[in-house]
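Read the structure below first, then the notes.
Nothing in this text is a laboratory measurement; each read-out follows from the coordinates by a stated rule. Keep in mind it's a predicted model, so treat the numbers as computed, not measured. Backbone-built Cβ (ideal geometry, glycine too); neighbour counts: all protein chains shown.
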Amino acid sequence: MRRLLVLTAFCALLAGCKLGPNYERPELPLPEDFARQADEGEALANLPWWTVFDDPVLVDLIRSALDANRELAIATARRDEVRARLGVARADLFPELNGGFGASRGNNQNPLDPGGDTTSSFVLAADAFYEVDLFGRIRRSTEAAQADLFASEANRQTVVTAVIADVAGTYFLLRDLDARHQIAERTLSTRHHSTGIIRERFNKGIVPVLDVNQAEIEEAEAAATLSALDRQRVQAENLLSILLGRNPGPILRGRTLNDQTLLPQVPAGLPSELLERRPDVRSAEQTLAAQTARIGVAEALRWPSLTLTGGIGLASDELSDLLDADDLWSVDASLFAPLFNAGRNKRRVEIARAQTDQALAAYELTVLGAFAEVEDALTAIRTLESEYAARVVQVTAARSAATLSRARYDGGVTSYLEVLDSERSLFSAEIAASQTRRAQLVAIVDLYKALGGGWDAVEN
């Protein structure tokens, strides 16, 4: 056995060759806009999510989601599975040692001679197996498994970021629906009051029935909008409950949309290094690294492999004499070389290279998408700021116009159509302002996600 171990160690020292290319990060052209440095952008990427989303209720919802979200649980289990697979791959680098004990008893004489003696046999044995990694097949397999582990961890971090962004985005949608619900309630109450007044005026012969019909139409429209918002709020709560890993139910509210904190300054350009922090980019790169290592695995299959086996054991007719018996041992070396397989191993190399090309294209596509997402989020934040300011002006003007139209109608100066048109404009302007405010907050969430923020929200 000692000789086997010495020979195994010697062969392991000789096995220093690795076939296939070593992984190097591909060089990709970067957009000129991302060459500008911006401390604000880096600061945003470094902010923990509880600082960006300055709402205690939202923070608690995010914490709950990170503890109980089912998608995150699946991603974590997959990471643990890949980590175990890496352990399996690494185990092939070391010798395999097995042991066993056997006992038998029987009549080994001629079965036609029933008077034969009964004998016993006891065997204690151990055997070892080791494949010398002559051309790096096992080491390349281990490299691929390790890169797969890094990719699976990055995938888990991607889910963490997505969970944070989805919870925040759904929460802001819910607060937007709450705001629109209040607008619809207020509008319905106003229109119901107006319908009553107009109906009384019609009964006195002051206004035509057309005014009554128009008032009833607008009141019914407000009522229908209110019912639709009730339905949408329940659906948003149910969606948020799923993200939180709980059964559907009511969701606690925190700050209103108008009370939410906006970033005081958003950068116009960001350093390209920030995109390397995105977990989906890291995952795509590690997938490329793993596939690159598998080229070496495929190439090593075209070359000879050397395996060493050995065994040692004790055998005795009596169990009491087993440990005192003479030891039996053997050492074998086997060299296996593929001679003809109709090009199967060559095609394996071609498959591995083609799959590496696919992984490279996927990595490049992921990087391009990352740059686009950052640019889209920056553009949205910049344009939504001015859009919301315009919406506020629109609401103020629409509210003034609705008040003046109502006064003109009450004074008999104009028809009820002008009042209806002004009130519709006010209702639409208030709804649009609430939606734009939500879009502002979601754009910040999108930028935070695009920068790869949120991956350190839970411990590995």
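Observations on the model:
- Here each label is just a point 7 Å from Cα along the line to Cβ, and for K204 and I242 those points are 5.5 nm apart.
- Listed by chain and number, the lysines whose alpha-carbon sits under 19 Å from that of K204, ignoring those within fewer than 8 places in the same chain, form an empty set.
- Length released on extending from Q235 to E27, taking residue separation times 0.36 nm less the Cα-Cα span: 70.3 nm
- A Förster radius of 30 Å combined with the Cβ-Cβ distance from R105 to R85 puts the calculated FRET efficiency at roughly 0.10.
- Label-to-label distance for T414 and T261 is 4.4 nm, based on points extended 7 Å past Cα in the beta-carbon direction.
- For the peptides 370-381, 428-439, the ranking by packing is 428-439, 370-381, with the highest mean count of neighbouring Cβ atoms within 10 Å listed first.
- Using a simple spin-label model with pseudo-atoms 7 Å out from Cα toward Cβ, E185 and D92 lie 6.5 nm apart.
- Rounded to whole Hz, the Karplus (6.51, -1.76, 1.60) HN-Hα couplings of region 70-83, x for glycine and proline: 6, 4, 5, 4, 5, 4, 5, 5, 5, 4, 5, 4, 5, 4
- Hits among lysines - C-alpha to C-alpha of K346 under 30 Å, sequence gap 8 or more where chains match: K18
- L328/A362 FRET efficiency (R0 45 Å; Cβ-Cβ; nearest 0.05): 0.20
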